[in-house]
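The values are calculated or read from the model by the stated rules, or taken from the named source; none is laboratory data. Owing to the predicted nature of the structure, the values given are computational and were not obtained by experimental measurement. Backbone-built Cβ (ideal geometry, glycine too); neighbour counts: all protein chains shown.
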Amino acid sequence: MPQSASDPPAAPGIAHAVAPSLHDRGNLHTVATQQLDKAARAMNLDTSVRAILSQPKNELIINFPVRMDSGEQRMFKGYRVQHNNILGPYKGGIRYHEESNLDEMKALAAWMTYKCALYDIPFGGGKGGVKFNPREHSKPELERITRRFTHALGSNIGPEWDIPAPDVGTNSQTMVWMMDTYMNIVGMAEKNSVRRIVTGKSVTAGGSHGREAATGQGVVHCITEWAQDKRFRLDGCSFIVQGFGNVGSNTARILSKLGATLVATGDYKGYIANPEGINPHKLTEHVGKTGSVMGYKHGRAIAREDFFGLECDIFIPAALELEIGLPEAKALRCKLVVEGANGPTFPEAEEVLLSRGIDVLPDILANAGGVIVSYYEWLQNKRSERWDLEEVETRLERRMKRTFAQVRELTIEKKLDWRTASYEVALDRIQKAYLERGIFP
């Protein structure tokens, strides 16, 4: 999830969180468990593997002090959840958000496990964050919060053990601070060998070309594959994006190059619409200057309930979790929902969408571009290589289209919805690893 560094309230790279829904968000870990259970029943998953995946291996809560610009010391609460590492090191984002909690981290870490397994990436799943609102803090405060959190995590993260990345409220600058702090914890002789402790860094600091737009690019790859299957013409179609941060803005810009028209969007401050079309490139410039889509002169402000009722071809939730409940599922007027965010749809809401003939491309399939290119960044650091943008984008496209085809075949063969089919591919890889390796001792 990925996600300027100079001004926390208005950073163009930060993934803006949409204001919470009027309905109760519910418990995210419960939702993740329901999705796992549905897929486990469909494929008759081994009961021992199901039990192992029901809870993360490690749950870490850290309380640490940070000096504010005023001189006062303030306590912050941080999390790092390590769900599973049977296929490789724990991997997952760090988010800065005032609603961060342990159950949220457990769900997000689990989804990372399944996402990596689905795309055959040799990583496991992790997630972490700090419970605070980054928009309320200066850049120096954000740096001190990040460095203290990284220091407090200590050996609980590592380039071959647990590898953080950006998420909601964090960006490449956050990752560079984490990397530099970790580098200064290890011995001098090891300093440059641990550059891969985080991914999503700036290119200057060892990041990969193509990483910033990777999640949005991956969303578009899934849309183009779906459109090809359905013989649906993207040129001239309309789409809506909820959340205009890193994922939403990049998805909108890339889709617009294919001839699709953005007709509405929104972020944590509100929603705007224009049936004639919104230029995502100019809107990104506006967000960079003001911190929100609100006030954009070529869009009319609308209420949240009106936003979900607008007619379009493709709806892309790219904000926070559990934004699409039953009211939203009944109101949506589209052909396709593509989950740019993690866990944006309640299970019961998804059932409504499917019953209405609306396809849902799930998060673990659609928004995996970020972790795929994070893996490529990690490989480049490990090998002391630098791949050009064309190579990164070619590798990303090939891997995403190959996996999409695998999932498509399963939806046809077993008459499954896209989420259950995606889970089945992922869980099959995890199950085979456990059945071959067994449990030590």
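Scanning the range 154-176 for residues that are hydrophobic (A, V, I, L, M, F, W, C) and in contact with a Lys or Arg (Cβ under 6 Å, 6 or more places away or on another chain) yields a total of 4.
The one condition from (1) outside any loop (DSSP other than H, G, I, E, B); (2) surrounded by fewer than 20 Cβ atoms within 10 Å (Cβ to Cβ) that Ile372 does not meet is (2).
Among the residues of the range 106-129, the one identified as touching an Asp or Glu at 6+ places or on another chain (Cβ under 8 Å) and over 20 Å from Tyr423 (Cβ atoms) is Gly129.
Restricting the range 61-85 to residues that are hydrophobic (A, V, I, L, M, F, W, C) and crowded, with 20+ Cβ neighbours inside 10 Å, the residue that is nearest to Ala426 (Cα to Cα) is Val81.
Residues in the range 294-340 that are touching a strand residue (DSSP E or B) at 6+ places or on another chain (Cβ under 7 Å), in a helix (DSSP H, G or I) and closer than 19 Å to Thr251 by Cα: Phe307 alone.
Among the residues of the range 100-123, are any within 22 Å of the chain's Cα centre (by Cα), at pLDDT 95 or above, among the basic types (Lys, Arg) and assigned to a strand (DSSP E or B)? No; the residues of the range 100-123 include none that is within 22 Å of the chain's Cα centre (by Cα), at pLDDT 95 or above, among the basic types (Lys, Arg) and assigned to a strand (DSSP E or B).
Within the range 131-154, the presence of a residue that is in contact with an Asp or Glu (Cβ under 9 Å, 6 or more places away or on another chain), small (Gly, Ala, Ser) and under 28 Å from Arg399 (Cα atoms) is excluded. When Glu143, Glu160, Glu190 are checked against the criterion of being of a type outside the set (Gly, Ala, Ser), in a loop (DSSP other than H, G, I, E, B) and surrounded by fewer than 20 Cβ atoms within 10 Å (Cβ to Cβ), a single residue qualifies: Glu160. When the range 252-279 is filtered for residues that are charged (D, E, K, R) and surrounded by 15 or more Cβ atoms within 10 Å (Cβ to Cβ), the ones remaining, listed by number, are Arg253, Asp267, Lys269.
Residues are listed down the side, and each one gets a yes or a no for (1) in the same structural domain as Ala117 (by TED's automatic domain parsing); (2) among the small types (Gly, Ala, Ser); (3) out of contact with any Leu (no Cβ under 9 Å at 6 or more places or on another chain):
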| residue | (1), (2), (3) |
| --- | --- |
| Ala303 | no, yes, yes |
| Glu311 | no, no, yes |
| Ile314 | no, no, no |
| Pro317 | no, no, yes |
| Glu321 | no, no, no |
| Ile324 | no, no, no |
| Lys335 | no, no, yes |
| Thr345 | no, no, no |
| Glu350 | no, no, yes |
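When the range 382-398 is filtered for residues that are part of a helix (DSSP H, G or I) and not polar (S, T, N, Q), the ones remaining, listed by number, are Lys382, Arg383, Leu389, Glu390, Glu391, Val392, Glu393, Arg395, Leu396, Glu397, Arg398. Determine if the range 411-423 includes at least one residue that is surrounded by 18 or more Cβ atoms within 10 Å (Cβ to Cβ), over 30 Å from Lys330 (Cα atoms) and small (Gly, Ala, Ser). No, the conditions are met nowhere in the range 411-423.
Residues in the range 193-205 that are at pLDDT 95 or above and either surrounded by fewer than 23 Cβ atoms within 10 Å (Cβ to Cβ) or of a type in the set (D, E, K, R) (or both): Arg196, Lys201, Ser202, Val203, Thr204, Ala205.
Within the range 280-297, the set of residues being among the aliphatic types (A, V, I, L, M) and surrounded by 19 or more Cβ atoms within 10 Å (Cβ to Cβ) comprises Leu283, Val287, Val293. Considering the range 219-251, the residues that are more than 24 Å from Val407 (Cα to Cα), surrounded by fewer than 24 Cβ atoms within 10 Å (Cβ to Cβ) and of a type in the set (Gly, Ala, Ser) include one that is modelled with the highest pLDDT, namely Ser238. Within the range 40-74, being in contact with a strand residue (DSSP E or B) (Cβ under 8 Å, 6 or more places away or on another chain) and farther than 16 Å from Trp111 by Cα holds for Leu60, Ile61, Ile62, Asn63, Phe64, Pro65, Val66, Arg67, Met68, Gln73, Arg74.
When each of Gly288, Gly370, Gly309, Gly343 is tested for being at positive phi and out of contact with any His (no Cβ under 9 Å at 6 or more places or on another chain), the lone residue that passes is Gly343. So which residues in the range 59-86 are in contact with a Ser or Thr (Cβ under 8 Å, 6 or more places away or on another chain) and over 25 Å from Ser172 (Cβ atoms), if there are any at all? The answer is Asn84, and nothing else. Is it the case that some residue within the range 351-363 is touching a helix residue (DSSP H, G or I) at 6+ places or on another chain (Cβ under 6 Å), closer than 19 Å to Phe123 by Cβ and buried (at least 24 other Cβ atoms within 10 Å of the Cβ)? Yes, there is a match, as at least one residue in the range 351-363 is touching a helix residue (DSSP H, G or I) at 6+ places or on another chain (Cβ under 6 Å), closer than 19 Å to Phe123 by Cβ and buried (at least 24 other Cβ atoms within 10 Å of the Cβ).
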